[in-house]
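Student: Below you'll find the structure I mean.
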Amino acid sequence: MYIQQLYTGCLSEAAYYVDSEGEAAIIDPLRDIDAYLGLARERGAAIKYIFETHFHADFVSGHLDLAKATEAPIIYGPRTETNFPIHLAKDGEQFQLGKSTIEVLHTPGHTVESSCYLVRNADGTPHALFTGDTLFVGDVGRPDLSSGNLSQEELAGLLYDSLHAKIMPLPDDVIVYPAHGPGSSCGKNLGPNTYSTLKEEKETNYALREQAKPAFIKAVTDGLLAPPQYFSINARINKEGYGPLDQVLEAGLQPLGLDTFKQLVKEEALILDTRRSDLFVAGFVPGSISIGLDGRFAEWAGSLLPFDKPLVLVTAPGEERESVIRLARVGFDKVKGYLDGGFSAWQEAGEPIDMIIDIEPDELAMDIPFDPNLLIVDVRRETEFADGHVKGAMNIPLQDLADPGTMAGLDEKYNLYVHCGGGYRSVIAASLLKRQGIHNLRNVTGGWGKIKDQKGIEVVKEKSVLN
């Protein structure tokens, strides 16, 4: 048996390739399927099954395109309802893969249809468990995503039962392969690794410690932040279906001349600039939203951009295709093309440009005592802010800036100094603020990582909501 994890860092997502004796299975594939097809070719295997652990909310799965390319069935666990053909597996049903078998374990809790897949060796001994969003390294799946008419407490109760009846009785040496790693919003606080063993999770995972069901329910529901806005959209897409990725690429990879680009913007297309933040701040097309490919691109695009409006792109040379694919991974299918020649073409044509002023933390320290209208805007999450922030700073988490009315009541006298944890999110925030007509702002480079150690800046720490 051969198992390979295919991990996508910007989504904290893990898909899996499994093969035995020339037969392969793909578990929780992303929308762009070339990596799975290529791996099967390299290993001389035919893809026999496509397993989905549940309706993913944080990305659009590649199950439909992969099924079309391979004629392999799409397998979901019990209580799954879709608008496309699937093999609806029964709890305990087994699928032969070469000399190995894959057994379905229905584990409702994260969602009602959530299932894990247990891979058994040729002799029947359990080898690995693909847990989807039921069990993570150091955490479990959040039970507050919409799933029928059940409350988050009811789903948490189902999750408790699933863990204790289906997963914890398995041998300690079973390898745990979850669908997500650190940084994912599908749990509260995932551990640093992308796989583990059941023994390690029993020893270290707070959700698997010995506790009564009410205590478990409280533990997994306390302190949950609101899920990103696109989660419900992606879950619906995965349930109802979507168009082929090839069609999305054909439309999105149209080079646009200046006149066509400007006309689309006039017709209310949004400009998305996917260049690195350091390139963006030095100059950009006025009105652009910066979300660089060098960070958690797809997650922030899904959290901040509307799905019902067309997009036109400004990219670094050669990054047009990657930009369109990574947008498609979270359901953006309305990309109308990219500016031919990129920002250089815009600049060389003599078109107006905008820019963002960068300052270092030491400059912030010098400005604080002398500017009575200085306002520090910290765009980190509430939990990060609680763990430490500049005294007097205003906390506006980045996702809240998707609402153009967030800063509507701000007095124009203020000079904004915007920062995040390391510099990526603050540039996104600055671009959104500029779109709202707020131009008296500066971006503090290095973010909190440098600010907290800067002499002359008073920092305070509240009791962390994580503790």
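The values are calculated or read from the model by the stated rules, or taken from the named source; none is laboratory data. This one's a predicted model, so the numbers in the text were calculated from it and none came from an experiment. Cβ atoms come from the backbone with ideal geometry, glycine included; neighbour counts cover every protein chain shown. Note: accessible area is taken over every heavy atom of the protein model, side chains too, but ligands, DNA and RNA are not part of it. Shrake-Rupley method; radii C 1.70, N 1.55, O 1.52, S 1.80 Å.
Student: When you scan the stretch 134-148, do you find a residue that is surrounded by 24 or more Cβ atoms within 10 Å (Cβ to Cβ), at pLDDT 95 or above, within 21 Å of the chain's Cα centre (by Cα) and under 19 Å from Ile26 (Cβ atoms), even just one?
Tutor: yes
Student: Anything in the stretch 333-379 that is among the polar types (S, T, N, Q) and over 30 Å from Gln254 (Cα atoms)? List them, or say none.
Tutor: Step one: of the stretch 333-379, the residues among the polar types (S, T, N, Q) are 344, 347, 373.
Matches in the stretch 333-379: Asn373 only.
Student: From Phe280, Phe343, grab the single residue that is among the aromatic types (Phe, Trp, Tyr), in contact (Cβ under 8 Å) with a residue 40 or more places away in the chain and touching a Phe, Trp or Tyr at 6+ places or on another chain (Cβ under 8 Å).
Tutor: Working: Phe280 fails: touching a Phe, Trp or Tyr at 6+ places or on another chain (Cβ under 8 Å).
One residue alone meets the criteria, Phe343.
Student: Hey, another quick one. So which residues in the stretch 347-372 are more than 18 Å from Val444 (Cα to Cα) and not in a loop (DSSP other than H, G, I, E, B), if there are any at all?
Tutor: Listed by number, the residues that qualify are Gln347, Glu348.
Student: Does the stretch 99-130 hold any residues that are closer than 15 Å to Ala25 by Cα, open to solvent by less than 20 Å² (accessible area, probe 1.4 Å) and touching a residue at least 40 places away in the same chain (Cβ under 8 Å), and which are they?
Tutor: Within the stretch 99-130, Ser100, Ile102, Cys116, Tyr117, Leu118, Val119, Ala128, Leu129, Phe130 qualify.
Student: Restricting to the stretch 108-133, name every residue that is assigned to a loop (DSSP other than H, G, I, E, B) and within 23 Å of the chain's Cα centre (by Cα). Quick ask: steps written out before the conclusion?
Tutor: Going residue by residue through the stretch 108-133, those that are assigned to a loop (DSSP other than H, G, I, E, B) are 108-114, 121-125, 133.
Pro108, Gly109, His110, Thr111, Val112, Glu113, Ser114, Asp133, listed by residue number.
Student: Provide a single number: the residues in the stretch 166-197 that are over 21 Å from the mean Cα position of the chain (by Cα), under 19 Å from His54 (Cα atoms) and open to solvent by 60 Å² or more (accessible area, probe 1.4 Å).
Tutor: 0
Student: Pairs under 7 Å by beta carbon, first residue among the basic types (Lys, Arg) in the stretch 236-248, partner open to solvent by less than 30 Å² (accessible area, probe 1.4 Å), six or more apart or different chains?
Tutor: Lys239/Phe55
Results for (1) surrounded by fewer than 18 Cβ atoms within 10 Å (Cβ to Cβ); (2) touching a strand residue (DSSP E or B) at 6+ places or on another chain (Cβ under 8 Å), shown as yes or no for each residue.
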position	(1), (2)
Lys309	yes, yes
Leu313	no, yes
Glu322	yes, no
Arg326	no, no
Arg329	no, yes
Asp333	no, no
Leu339	no, yes
Ala345	yes, yes
Pro352	yes, no
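Student: Just checking, how many residues over the stretch 59-94 are free of Cβ contacts under 8 Å to residues at least 60 places away in the same chain and in a strand (DSSP E or B)?
Tutor: 6
Student: While we're on this one: Open to solvent by 70 Å² or more (accessible area, probe 1.4 Å), in contact (Cβ under 8 Å) with a residue 40 or more places away in the chain and closer than 24 Å to Asp222 by Cα, is that true of Glu462? Step through it out loud before you land on a result.
Tutor: Numbers: open to solvent by 70 Å² or more (accessible area, probe 1.4 Å): yes; in contact (Cβ under 8 Å) with a residue 40 or more places away in the chain: yes; closer than 24 Å to Asp222 by Cα: yes.
Yes, satisfied.
Student: Sticking with this structure for a sec: Would it be correct to say that Leu155 is part of a loop (DSSP other than H, G, I, E, B) and of a type in the set (A, V, I, L, M, F, W, C)?
Tutor: Working: part of a loop (DSSP other than H, G, I, E, B): no; of a type in the set (A, V, I, L, M, F, W, C): yes.
Against the criterion (part of a loop (DSSP other than H, G, I, E, B) and of a type in the set (A, V, I, L, M, F, W, C)), Leu155 does not qualify.
Student: Moving to a separate point now. Being in contact (Cβ under 8 Å) with a residue 40 or more places away in the chain and among the hydrophobic types (A, V, I, L, M, F, W, C) is the filter; apply it to the stretch 34-58 and report the residue that is surrounded by the most Cβ atoms within 10 Å (Cβ to Cβ).
Tutor: Ranking the qualifying residues of the stretch 34-58, first place goes to Phe51.
Student: Considering (1) part of a loop (DSSP other than H, G, I, E, B); (2) of a type in the set (A, V, I, L, M, F, W, C); (3) in contact with a Phe, Trp or Tyr (Cβ under 9 Å, 6 or more places away or on another chain), say which one Trp300 fails and leave the rest.
Tutor: Here Trp300 clears every test but (1).
Student: Still on this structure, please answer the following. Can you find a residue that is within 19 Å of Ser288 (Cβ to Cβ), surrounded by fewer than 12 Cβ atoms within 10 Å (Cβ to Cβ), out of contact with any Gly (no Cβ under 8 Å at 6 or more places or on another chain) and modelled with pLDDT under 95 anywhere in the stretch 378-401?
Tutor: There is no residue in the stretch 378-401 that is within 19 Å of Ser288 (Cβ to Cβ), surrounded by fewer than 12 Cβ atoms within 10 Å (Cβ to Cβ), out of contact with any Gly (no Cβ under 8 Å at 6 or more places or on another chain) and modelled with pLDDT under 95.
Student: Could you look through the stretch 205-226, keep only residues that are loosely packed, with under 14 Cβ neighbours inside 10 Å and closer than 15 Å to Ile167 by Cα, and pick out the one that is farthest from the chain's Cα centre (by Cα)?
Tutor: In this case the residue turns out to be Glu210.
Student: Report, by residue number, each residue of the stretch 303-327 that is closer than 20 Å to Gln399 by Cα and not in a loop (DSSP other than H, G, I, E, B).
Tutor: Ser303, Leu304, Leu311, Arg326, Leu327, listed by residue number.
Student: Return the residues of the stretch 328-346 that are part of a helix (DSSP H, G or I) and aromatic (Phe, Trp, Tyr); say none if nothing qualifies. Before you say what the answer is, go through the steps one by one.
Tutor: Within the stretch 328-346, the subset part of a helix (DSSP H, G or I) is 328, 342-346.
Answer for the stretch 328-346, where residues must be part of a helix (DSSP H, G or I) and aromatic (Phe, Trp, Tyr): Phe343, Trp346.
Student: Report, by residue number, each residue of the stretch 240-284 that is surrounded by fewer than 16 Cβ atoms within 10 Å (Cβ to Cβ), charged (D, E, K, R) and assigned to a helix (DSSP H, G or I).
Tutor: Glu240, Asp246, Glu250, Asp259, Lys266, Asp278
Student: Something else about it: Would you point out the residue of the stretch 24-33, among those that are within 21 Å of Pro244 (Cβ to Cβ) and either in a strand (DSSP E or B) or among the acidic types (Asp, Glu) (or both), that is most open to solvent (accessible area, probe 1.4 Å)?
Tutor: Residues of the stretch 24-33 within 21 Å of Pro244 (Cβ to Cβ): 26, 28-33.
After this cut, where a residue has to be either in a strand (DSSP E or B) or among the acidic types (Asp, Glu) (or both) as well, the list is 26, 28, 30, 32.
Working: Ile26: 0, Asp28: 2, Leu30: 6, Asp32: 33 Å².
Step by step, filter the stretch 24-33, then rank; the result is Asp32.
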